[in-house]
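**Q** Let me give you the structure first, and then I'll get to my questions.
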Amino acid sequence: MKKLYLTALFGVCILLLTPVASAAVSQIVIDETNDVKDIDNETLDAPNIDIKKITYYQSGKSVTITLQVSGKIDDESIYIMVLDTDAGEYGIEYTKNPFYAEYLNGGLVIFGDEELPSDFSTPSADTLRVAFDLKNADEKYQGLAANTMMIDIANEKIGYDEVYSEVSADTNQTDTDGTNATTNVTHGDQTNGEDTTSKEEEKNGFLGLPGFELLLFLVAVTATLLFFKRLR
C-alpha cells in the first residue's frame, strides 16, 4: 500500500511540474485585390503592394506574421504591419529602399520605444515573414493591420494599400484541427467579419499605432520632394 501511495504521489508531482501547453492561435485576414489607390484615390496597378492576406500565428510568446501580396515583395516599397494585443501595440516595418536608409534599412519590430529582436525573411517571392517574441506569453490577440506603399519620385507617383481586422471580446473561436490551435478567418476592414469601425475610430485606431508613424513621415517627405520637383 505504501508503494502505491508513493507511486501516486510521484505521478501528481510530475503533473504539477509539467507546464500546461497554451493553445496556439491562428488568424487569417483576407484583403480584396486590385484595390491599390494613388494620392487622388484612383485605382493604381501596383501588384507589389497589393495585399492579398495577412496571417498570424502565436504559440506562447512566439509569433509569426506573414504578409502576402499579388506581385512580389520588392526592395523599393514600404511594408508596415501593426499587431494589437491586450498588452499594447507592436509596430512592424520593412523596406530596403536606399532613399530611406537613414530611417530604416531592412526590418524592424517596435513595442513602445523598444526595438525587439526579430527575424525577417521572404520564403517566397510574394511573401514577407517576420518572427519575434511577445513581451508576455499570455498576451491576447486583438487585431492586425497592414499598410503598404510605393513611392516613385521620378514618375511623381504614390500608391498605397491597407487592411485591418479587429476581434471583439465576444468572439467565439473553435478548434479547427484538433491540435489546440484556434483559427479565425476574416476579410479586411472588419471586426468579427463585420465592419463596425467608425471614421473617428479609424483616425484614432490602427493608423495611430507606432508602425504607421514612419509611414506618415515618409509620405510627408515624399510629398515635399514631389512639390519642389513640380516647381522646377
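The values are calculated or read from the model by the stated rules, or taken from the named source; none is laboratory data. Nothing here was measured: the structure is a model prediction, and the numbers come from that model. Here Cβ is always computed from backbone atoms with ideal geometry, including for glycine, and neighbour counts include all displayed protein chains.
**Q** Please determine whether any residue of the stretch 42-53 is over 22 Å from LEU144 (Cα atoms), at pLDDT 95 or above, of a type in the set (A, V, I, L, M) and surrounded by 15 or more Cβ atoms within 10 Å (Cβ to Cβ).
**A** yes
**Q** Do you know which residues across the stretch 46-91 are touching a strand residue (DSSP E or B) at 6+ places or on another chain (Cβ under 9 Å), outside any strand (DSSP E or B) and either closer than 30 Å to ASP152 by Cβ or without any contact (Cβ under 8 Å) to a residue 24 or more places away in the chain (or both)?
**A** ALA46, PRO47, ASN48, ILE49, ASP50, SER70, LYS72, ILE73, ASP74, ASP75, GLU76, SER77, listed by residue number.
**Q** Right, something else. Of the conditions (1) crowded, with 21+ Cβ neighbours inside 10 Å; (2) within 13 Å of ASP161 (Cβ to Cβ), ASN34 satisfies every one except a single condition; which number is it?
**A** The number of the failed condition is (1).
**Q** Continuing with the same structure: Is one or more of the residues making up the stretch 48-67 over 15 Å from the mean Cα position of the chain (by Cα) and hydrophobic (A, V, I, L, M, F, W, C)?
**A** no
**Q** Oh, and also: Quick check on my filter: what residues within the stretch 118-157 are hydrophobic (A, V, I, L, M, F, W, C) and either free of Cβ contacts under 8 Å to residues at least 24 places away in the same chain or assigned to a strand (DSSP E or B) (or both)?
**A** Selection gives PHE120, LEU128, VAL130, ALA131, PHE132, LEU144, ALA145, ALA146, MET149, MET150, ILE151, ALA154.
**Q** Return the residues of the stretch 92-120 that are of a type in the set (Gly, Ala, Ser) and either over 18 Å from GLN58 (Cα atoms) or surrounded by fewer than 14 Cβ atoms within 10 Å (Cβ to Cβ) (or both); say none if nothing qualifies.
**A** Those that are of a type in the set (Gly, Ala, Ser) and either over 18 Å from GLN58 (Cα atoms) or surrounded by fewer than 14 Cβ atoms within 10 Å (Cβ to Cβ) (or both): ALA101, GLY106, GLY107, GLY112.
**Q** Looking at GLU102, GLU115, which is the one that is farther than 16 Å from ASN147 by Cβ, without any contact (Cβ under 8 Å) to a residue 24 or more places away in the chain, part of a strand (DSSP E or B) and not hydroxyl-bearing (Ser, Thr, Tyr)?
**A** GLU115
**Q** Just to be sure I understand the filter: pairs with C-beta atoms under 6 Å, separated by 6 or more residues or on different chains, first member in the stretch 158-172 and within 22 Å of GLU32 (Cα to Cα) and of a type in the set (Phe, Trp, Tyr), second member part of a strand (DSSP E or B) and at pLDDT 85 or above. Which pairs pass?
**A** Note: pairs meeting the criteria are TYR160/MET149; TYR164/ALA145.
**Q** Something else about it: If I filter the stretch 116-138 for residues that are closer than 26 Å to LYS52 by Cβ and at pLDDT below 95, do I get at least one hit?
**A** No, the stretch 116-138 contains no residue that is closer than 26 Å to LYS52 by Cβ and at pLDDT below 95.
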